[in-house]
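Please treat every number below as a calculation from the coordinates, not as lab data. Since this is a predicted model, take the numbers as computed values, not measurements. Note that each Cβ is placed from the backbone with ideal geometry, even for glycine, and that neighbours are counted across all protein chains shown.
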Amino acid sequence: MTVRALLRPAQYLALAAYILFLGFPLLWLISASVKSSGELNSLSVNLLPEQWHWDNYADALDRQGLIHSAGNSLVVALVSTALVIVIALPASYVLARLKGKVRAAGVGWILTSQVFPVVLVILPLFLILRTLGLADSLAGLTLVHTTYTLPFALWMLQGYVTAIPVDLEEAGAMDGAGRWTVLRRIVFPLLMPGIVATAMFSFVSSWNEFFFALVLLQSPENYTLPITLNMFIGGEGKVALGPLAAGAVLAAIPSIVFFTLLRRRLTSGLMAGAVKG
Amino acid sequence: MKSRRVVAAALAAATSLVLAACSGSGDDGPVTLKFQSLSDQPAAIAATNKIVDDWNTTHPDVQVEVVQAGWDGVYDKLITQLNAGSGPDIIHYEAAGVVPFARDGYLADLSSYLPDAKKADVPRGVLDSVTVDGELIAYPTELQSYVVFANKALLDKAGVAVPSGPTMTWDQLRDIAKATTRDGVYGLGWGLSSPTAAMVALAPGFGGKYFDGTGTDANVSIGQGEMALPRLVDGMAHQDNSILPVTLTQSGAKALAPFYAGQTAMTIQGSFQAANIAKDAPDGFDWIVLPPLAGPAGPAQAANPQTLSVNKDSDHVEEAAQFVDFFTSTENLAALNEADTLIPATTSARDALSAKLGGQNGWPQILASGEHLTSAPYLFVDKYAQWKDTVATPAYQKFLGGEIDANGLSNELTEGWKSINR
Amino acid sequence: MTLAAHTRAPAPAPAPRKRKGSQGRARRREAITLVMPSLIPILVLSVAPLVMGLALAFTDARLVRHPDYGFTGIDNFTRLAENGFFWDSLRIGLIWTVGVTVLQLAAAMGLALLLNSGLRLQGLTRVLALIPWAMPPVVVAIMWQMIYSANGGPLNAFLGSIGLPGDIDWLGDFTTALPAVIVVGVWVGMPQTTVTLLAGLQQIPQDLHEAASVDGAGAWRRFTAVTWPSLRPIIASITSLNFIWNFNSFSLVYVLTEGGPGGKTMVPVLFIYLEAFKNRNIGYAAAMGLVLVIIIVALLAIYLRSQFRDDNAGRGR
């Protein structure tokens, strides 16, 4: 009895600790974004600024086309996410259910392509893209993001598919449903939380991706958000801390909105319903 | 494996054929040059754009397009794009970064495109830092040096006379630091989290060269000249206790906070921080710049100027070189350096700026320190970057942290070089 | 037919395949059609550069304007065997990777379980769990540098205010640097691991939990008997992914510490970057990459095989 009584408060305590760990850095970033450079370069440590300095936001928006590059990032992230899900969904099913050489080759490629350091493939990749006329273009970057997110997406989704017991599908098949119907009516709904998780992950990978964007994009009008934010760091390690913090806060808003919209989808609740009947 | 090489070569050949076809067809219109510029703050960007606009107005047949890029990451960008044959026509970078590209063969020799007077306008030492195998592979534009900023009020309180000669010695610095270390104040704050750059840059004042030979034949040489400064810093930090300990592990910029708060009487910084200090210091903060530091071998410091180079594979090398000539005119360089708070690389621009800003706090000493910048061997050593990141920086950090002594430091630097080159 | 009777497939894995033996070829054709769209961009943009990159490991290629390189066989590998710096960085890399991966799993598992327990503030916490995802690496590094600042940061200010030492140089002290960077690594990895585990938890049918508690199982027993086995494949996949990501995430480490202090955070990927991009020895660097791939894939293969073997053993129950 006592253990159970302690459980709830203990859980809330743990939750509070997590909230602090996850949220405090963002809070500090917001605090930095409204401080003047004098205060940021002083020894004072205050959550609330001594003087609210909103100029940092104006400065961030003025510099380097922050909004435009955010738009670029958004397009690339959305399109590559859509492509990744569309391609990875059927492919991960195959990967999870089929044993043998196909699976081995798939797994082998997935692991190798992710472990092999990117600096060693960037040059051949650049040459290939340039031959296809896709260097320095958002289309090229989208394709690259799709291709390099696919392994993770495949790997994650096949994990979720594996967690769905095979006999659910067999039960459906025995009830007379064709393979496609089984996939559509039984597997995909159960997979929904996994699909949402994979989509979120794919969006974020693309949104935050820096190295490919840095090297493959040349014209400033094609720059994505991480590139633009990076330009707040000058030579000799000079960092315009206030405007950078402001820019980072602005850049975080679309992601946070996206997450808030999707958080309900992480709930299944469908599983119980689908099976009981 | 040979077939792969054939494929790669075929791919590259096909690509260059396509590129050649494309560029060949559009020659009757105005020439467009891509100028990759790294200015990171609004005033400098505005100054750069103004110069480019002036050029574009007076040269309708050679138009220059500014492509903004960030300092952080430009190296990776350049090495990939140059190796793939897609680099910009005019490259803005710094000597330490650009010399390796010259050794790779990517940069055009500017000596034939620039008038002799132009080359004479740059002090010998600085010109040497951008000359590789007799070729002038970049034109220097802006320089910074390490200078000592001091809190005049704290110096007065300690009864220290402010040095006023053309230079001051490191021993004088040590004495002032000792005298001002009292009542909870430290004499000096020095941000040495990246110690190698400072040690190598200031070594010429002690006769230290760090390297003999160039390219792949270079050898590290750690002798008295090279160990003098580390020993001095160690003495000040651990014997005199006149260096605020936390600053030794912080970046230069972070060491400004204790300076503003009056916890340190002096701080060694890049000269460009003068603008930031003017802006961020508390009201009434009385800061001055001390005369340039001189070791036993003089006040020399290693120069690492910002540079403009021309891509050898550009279709319009001559026009690009002409733009570089225009960009680095006395008037333009003076404006640019004023916006960036840096020291112009040409003597004429430095004189012009001196005339204009000579009355402002700190500028005379800063501009004067520009006279003592010279080339240093590390620029031309092939494996310097790897040695710096994997051997030197850890070794210096351990030394300053008291984990190894001077002999240990000297050993690690030398042995580390040997392992890298095995 | 309720699920309670079918916690795992009643028959061992081979049986279904035997039943559908004759439909094997049709199944394979279906499989290929499902997989085909992925193959083309993968082959062109991923496999081709990878093969070209790997091939360089057997040459003495350099990144210069007129490369003049030739096949050198295994020279690069013999040289690598004697390269003490590389193997040192590999050791540091593995310590970092295992440390971060294990801690990520523990922390995210705790959070995922909490978020699945019907507590209040769930919505807020779910969004907060994703905050690290909203920041590009450069912002994460700058932000944590501010927090860890020895004389101007909130962490030390807080510690000082409650009587603990408030002047620890987190990123500059040799003993605290690696742990401090590991904490940031865990912070960065919380979203993907939490989201993945939460989705996995949501996939477990409520009936299983109900059946278990009807049988008299307490919270811990339910965790070990119901939750953990169902989560096994998901844990395996996210842990191996995290392992790879953490192993490759040198940008975070580099910006925070530049491989210092004293080289204590010099990870292999940084080392390869220096060799390839700074020294221009792309052939030698490719050899390092190949060795890394072999080692990491071998480690992962061992880990995953042990997971799947246990899985199959579990199936037979």
Requested in this report: Determine, for B:Arg103, A:Arg184, the number of other Cβ atoms within 10 Å of each Cβ, and report the residues in order from fewest to most.
Outcome: A:Arg184, B:Arg103
Report summary line: Taking max minus min of the Cα coordinates of segment C:97-153 on each principal axis, largest first, gives extents in Å of 40, 28, 23
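Does segment A:113-172 classify as rounded, prolate or oblate by the C-alpha gyration tensor (a ≥ b ≥ c root eigenvalues; a/c under 1.5 gives rounded; else a/b over b/c gives prolate, otherwise oblate)? All intermediate terms of the calculation are to be shown ahead of the outcome.
Values: a/c = 4.78, a/b = 2.58, b/c = 1.85.
Since a/c reaches 1.5 and a/b is larger than b/c, the shape of segment A:113-172 is classed as prolate.
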Query raised in the report: So how long is each side of segment A:63-273 along the principal axes, counting just the alpha-carbon atoms, biggest first, in Å?
Result: 67, 38, 26
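Among C:Leu304, A:Leu141, which comes first, second and so on when ranked by fewest other beta-carbon atoms within 10 Å?
Details: C:Leu304 17, A:Leu141 27.
Least crowded to most crowded, the residues run C:Leu304, A:Leu141.
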Report summary line: For the protein assembly as shown, percent of DSSP beta bridges that are antiparallel (nearest 5) comes out at 60 percent
Query raised in the report: Based on Cβ point charges of +1 for Lys and Arg and -1 for Asp and Glu, what charge dipole magnitude is obtained for chain A about its Cα centre, in debye rounded to the nearest 20?
Result: 1160 debye
Query raised in the report: What is the Cα centroid distance between segment A:144-208 and segment C:283-304, reported in whole angstrom?
Result: 29 Å
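Between B:Lys152 and B:Ala179, 0.36 nm times their residue separation minus their Cα-Cα distance comes to what?
On the way: separation 27, 0.36 × 27 = 9.72 nm, distance 1.33 nm.
Net length gain for the segment: 8.4 nm.
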Report summary line: Taking a label point 7 Å from the Cα of A:Ala105 along Cα-to-Cβ, the residues of segment A:153-190 whose backbone nitrogen sits under 18 Å from it are A:154-155
Report summary line: Among segment C:222-257, those whose backbone N falls under 17 Å of a label point 7 Å along Cα→Cβ from C:Val183 are C:253, C:256-257
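Averaging the inverse of every distinct alpha carbon separation and then flipping it gives the Kirkwood radius. What is it for segment B:330-412, in angstrom units?
15.7 Å
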Query raised in the report: In straight Cα distance, which lysines are under 18 Å from B:Lys418, not counting same-chain residues fewer than 8 positions off?
Result: B:Lys209, B:Lys383, B:Lys388, C:Lys278
Query raised in the report: Given charges of +1 on the Cβ of Lys and Arg and -1 on the Cβ of Asp and Glu, with all other atoms neutral, how large is the dipole of the protein assembly as shown about its Cα centre, in debye to the nearest 20?
Result: 6140 debye
Query raised in the report: Could you give the Stokes-Einstein D for chain B in µm² per second, using the C-alpha Kirkwood radius, 4 °C, 1.567 mPa s?
Result: 56 µm²/s
Query raised in the report: Helix A:122-131: angle to the longest alpha-carbon principal axis of chain A, degrees 0 to 90, nearest 10?
Result: 80 degrees
Report task. Figure the gain on full extension for B:Arg231 and B:Ala117 (residue separation times 0.36 nm, minus the Cα-Cα span) and round it to one decimal in nm. Result -> 36.8 nm
Requested in this report: For each of B:Thr48, B:Thr307, count neighbouring Cβ atoms within 10 Å of the residue's Cβ, then give the residues from fewest to most.
Outcome: B:Thr48, B:Thr307
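Based on the Cα atoms of the protein assembly as shown, what semi-axes does the equivalent ellipsoid have, where each is the square root of 5 times one gyration tensor eigenvalue, given in whole Å with the largest first? Spell out each step's value before the answer.
Details: eigenvalues 547, 239, 134 Å².
Result for the protein assembly as shown: semi-axes of 52, 35, 26 Å.
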Query raised in the report: Once both labels are modelled 7 Å past Cα along the beta-carbon direction, what's the C:Val51-C:Leu119 spacing in nm?
Result: 5.2 nm
**Report entry** Relative counts (whole %) of C-alpha pair distances in segment A:2-55, using bins that are 10 Å wide
**Finding:** 22, 32, 20, 16, 9, 1
Report summary line: Per the 1/(1 + (r/R0)^6) rule, R0 = 60 Å and r from the Cβ atoms of B:His238 and C:Gln307, FRET efficiency to 0.05 is 0.70
Report summary line: On each of the three principal axes the extent of the alpha-carbon atoms of segment A:1-100, given in whole Å and largest first, is 63, 57, 19
Query raised in the report: What is the magnitude of the charge dipole of segment A:1-103 about its Cα centre, with +1 placed on the Cβ of each Lys and Arg, -1 on the Cβ of each Asp and Glu, and no other charges, expressed in debye to the nearest 20?
Result: 1160 debye
Report summary line: Taking the reciprocal of mean 1/r across every pair of different Cα atoms in segment C:206-295, the Kirkwood radius in Å is 16.6 Å
Report task. Summarise the long-distance tail of P(r) for segment A:146-229 by giving the % of C-alpha pairs beyond 20 Å. Result -> 52 percent
Report task. Please give, to one decimal in nm, the separation of the simple spin-label points placed at B:Ala161 and C:Val98, each 7 Å out from Cα toward the Cβ. Result -> 6.5 nm
Report task. State whether segment B:293-372 is rounded, prolate or oblate according to the following rule on the C-alpha gyration tensor (a ≥ b ≥ c being the square roots of its eigenvalues): a/c under 1.5 gives rounded; otherwise a/b larger than b/c gives prolate, and the remaining case gives oblate. Result -> oblate
Report summary line: Expressed in nanometres to one decimal, the distance between label points 7 Å along Cα→Cβ at A:Val257 and A:His68 is 2.1 nm
Query raised in the report: Scattering from the C-alpha atoms of segment A:27-171 alone, worked out with Debye: what is log10 I(q)/I(0) at q = 0.12, 0.14, 0.15, 0.17 1/Å?
Result: -0.77, -0.86, -0.90, -0.99
Requested in this report: Jot down the per residue volume, in cubic angstrom and as a whole number, of the convex hull over the alpha-carbon atoms of segment C:83-280.
Outcome: 156 Å³
